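Bear in mind that the values in this text are calculations on the coordinates, not laboratory data. Note that the structure is a prediction, hence the values are computed from the model and not measured. Methodologically, a virtual Cβ is constructed for each residue, glycine included, from the backbone with ideal geometry; neighbour enumeration extends over all protein chains shown.
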C-alpha cells in the first residue's frame, strides 16, 4: 500500500502529468490488473485526505491548496515541533517550525498538512500550523505501565508525548506496574487533552534482559519472523543449488580471492582480488559481490518480503535479516572454501590511476581465505608501510608466517592500490567525517559493562575504497548507456547552512574563506581530526549536510564528490543493491536493460524510509543500553569536550566513552552565567569563567532518565543536589547522544557510504 500510494502521488505531481481519470492513470502506471482494487482504494484515500483533487470531469490532479504544504512532522523535547516538507521536483524546502499549541494531535513521523504563517528568511525560520493529519506514522507505541489515582497509565518511551496515556483496564492483559507494554493508540493526545489507548502486549518487567530489545522492535514496527511462503521458497532454492553447476558463469574458482569482514559477521557479501597486469603494468581490481538475484525470483515470496523489509537491521546482540538465514548466511554468503555465485566487476587502472577497461560478469568464486579486519591490520602492521605512489620497500619480518606468500603479496598490492585510490578521491574533493561508532562491551551474563569507540584503520579503508570503486563503476556504466537505475544521491548542502558552519568553525579558530569550496571544508576536518574539538566540528558539518537517499533522478553524492554513484556491493542486506544486480544481470545477458522511472522513484522512497527506521532503531537501543549502564555509575567522572552551547547550558561528549549529555545552567552554582550567542559561550558575570565550544571539561554523571532517554552531567568541582532516576515528572535536561550520518549504514564495521 505505501509503495502504491507513493507511485500515484509521484505520477500526479510530475511536471509532465496531464490530468487523467482513474482507469487511464492506472494503465499509465503499468500495474498488474490484480492491483486495481488497491489502486482505487488508494485514490479514494488520497482524495479524502486532500492530497489529490477530483475535477468535474472526474480527472485526478494534485491538490492545489493555497498557502499549505505537506510534510513529515517531528516533535522536539520542548513540545514544539518541525515539519520537513516533501521535496518537489527534487528541490528541498526549509523546515517549518510548529508551536506546541498549533500541532493538533500530530505525533512524530506523521504526514501532515501545514498552513504556512511565516515564510523563511535569513533571520527567522518558516513557521506554520498543522491543519490536518494526513497519515499516521504508527498507532503502536511502547512505554512503561503505572497506576495513579486509580487510573491505569502508560508513560511512552522518549519524548513523543508530554503526558502519559490513559489505557483503561490494563489488567486484562496482566500488566503490572513498571512492566514494559505495547499500546494501540485510540485517541492521540493534544496540547489540551490526554490521549487514550489500549494495551495489546506485555513485554515484561522494566530492566529485565531482552525486554529492551523487544521494546525497540515493537516501537519501530520491525519485522521478525518470515512468512512461511518465503521460508518455503528459500528451502526450495537451497535444495536445488549445486556447487558444480557453473552454467552461464565465468569460472573464477581458481583465482586468488579473499574476504575481509568483522569477526562476528555471519554473511559475507563481497570478495576481492588485486593483481598487476604483467604486460601493461595496470592495476587489476576485481570485486566479487554475492549474487543474491540468482536465488531470489522477482515477484516471488522471498522478493516480496525482502522488498518490504528493504534492509537488514543490526541491533546490539541481534540481527533482523532481510533474507532468511538459509540465503543470507548460506547460499549467498561467500564462505571460505565454498563455490558461490557472484556478480563480478573487473576494473583496470593505469599506474597514474586513470580508469581503464571495466567489465561485468556473472561468475563463480571459491574464497581462498576469510580474514577479519583485525587479522588484516595485524599483517599490514608487520609490513613496512609503502607511501602512496612509491615502490614497496623491503618488508620487515614478523606476524605473517602462517599466511601463504601469494596472499601476503596480494595484501600488499591491496594496501598500495587502496592508498592510491583514497588519495585520488580526496584530491577530487571527497569529505571525510570522523564520527566513531559506539561499541558496547558485555559481561558473561550479557549485560553491558562498558563501551568504547570503534576503530577505523587501514584494513577498513582498503575494503571501503574497493567497494566505492565498484559502486561507481556500475553507476557510470548505466549512466553512459542511459539506463535508469536506483542511485544513491547526496545533494549539495544549502549555502546558508554552510555559511552557518563556517561561522561556527571560525569561532573555534578554523576560518573558512569560501564555504562552497569542499577543499576548505576538508582542510578543517583534517586539522581537527585529532583535536579535542573534533566531535564539535565534525558533528556540526554533518548537521549542515542533507540526507543521502535512493532516487533514479541524477544527482551527485556530495560527501564522496562522485557524480554517479549507486549501492551495489551489499545485496544480502540492502534491497536497492538487489535491484541494481537484476538490472546488471539483464545487461550481461542481453546487452541492454531498462526500468520504469516512476517505479524506481517509489522504490527509492520506500527504501530510504526503511533505512532511516533501521538506523534510528539501532541508535535508540545503543543509547538505551548506554544509559542503563550509566544509571549504575552515578557519580563517575568523565573527561569530555564541549560540543554545543545554549542559554540553558552546554552539551559535552565524553572523550573515551560514547555518550553525550547536558550540563544544565542550574548546576553551575559558582556564578551567574550569561549566554553569548555570537561566540557560543557561557561566561560567569563575576568570575569571568567561560565555557566554549571545544573546551575540555571534567564532568560527573549526575542523573539518568531512562524513559526520556536523557543524561544529565555536572562539573566535577560543583555539587548540586541530584535525584535518583524515578521517572517521575519532567526534568530540565535535553541530553542527547551522537547521531551518525543517515547515508552510511554498515553491518558491524562495514562500509558506510
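Its residue count N sets the reference 2.2 N^0.38 Å, and the alpha-carbon radius of gyration of region 140-219 equals 1.00 times that reference. Modelled label positions at residue 224 and residue 298, each set 7 Å beyond Cα in the direction of Cβ, lie 3.5 nm from each other. By the equivalent-ellipsoid construction on the alpha carbon gyration tensor, region 68-135 comes out with semi-axes of 17, 15, 10 Å, ordered largest to smallest. For region 493-637, the gyration tensor built on C-alpha atoms gives an oblate shape. Its axis ratio a/c (a ≥ b ≥ c) is at least 1.5, and a/b is not larger than b/c. Site pair residue 129 and residue 251 shows an inter-label distance of 7.6 nm when each label is modelled 7 Å from Cα along Cα→Cβ. Taking other C-beta atoms within 10 Å as the exposure proxy, 41, 513 rank 513, 41 from fewest upward.
Summing -39500 (n - 2.57) over the DSSP H runs of n ≥ 4 in the chain and dividing by its residue number, what mean residue ellipticity at 222 nm do you reach, to the nearest 500 deg cm²/dmol? List each step's numbers first, then the result.
Details: 14 runs with 204 residues, N = 753.
The helix-only estimate for the chain comes to -9000 deg cm²/dmol at 222 nm.
Which three semi-axes in whole Å describe the equivalent ellipsoid of region 2-62, each the square root of 5 times a Cα gyration tensor eigenvalue, listed largest first? Please report the intermediate quantities before stating the final value.
Numbers: eigenvalues 50, 33, 27 Å².
The three semi-axes for region 2-62 are 16, 13, 12 Å.
Once the Cβ-Cβ distance of residue 13 and residue 355 is raised to the sixth power relative to R0 = 35 Å, the FRET efficiency obtained is 0.40. In terms of its Cα atoms, the chain spans 79, 72, 55 Å along the principal axes, sorted from long to short. Look at the Cα gyration tensor of region 564-604: its axes a ≥ b ≥ c give a/c of at least 1.5 with a/b at or below b/c, and that counts as oblate. Given R0 = 22 Å, the distance between the Cβ atoms of residue 482 and residue 590 translates into a calculated FRET efficiency of 0.90. Between residue 149 and residue 452, the simple spin-label model (points 7 angstrom out along Cα→Cβ) gives 5.1 nm.
Fully extended, how many nm does the chain gain between residue 427 and residue 513 (0.36 nm per residue separation, minus their Cα-Cα distance)? All intermediate terms of the calculation are to be shown ahead of the outcome.
Numbers: separation 86, 0.36 × 86 = 30.96 nm, distance 1.90 nm.
Full extension of this stretch gives 29.1 nm more.
What is the log10 of I(q)/I(0) for region 495-545, computed with the Debye formula using one identical point scatterer on each Cα and no solvent, at q = 0.31 Å⁻¹? For the requested q values the scattering log ratios are -1.46. Evaluate E = 1/(1 + (r/R0)^6) for residue 34 and residue 320, where r is the Cβ-Cβ distance and R0 equals 35 Å; express this FRET efficiency to the nearest 0.05. Once rounded, the FRET efficiency stands at 0.75.
Taking 0.36 nm per residue of separation and subtracting the current Cα-Cα distance, fully stretching the chain between residue 671 and residue 619 would add 15.1 nm. Across region 180-273, the fraction of Cα-Cα pairs farther apart than 15 Å, rounded to a whole number, is 80%. The slack between residue 275 and residue 74, meaning 0.36 nm per residue of separation minus the straight C-alpha distance, is 67.3 nm.
I need the Kirkwood Rh of region 244-307: take the reciprocal of the average 1/r across all distinct C-alpha pairs and report it in angstrom. Value: 14.8 Å, from the Cα pair sum.
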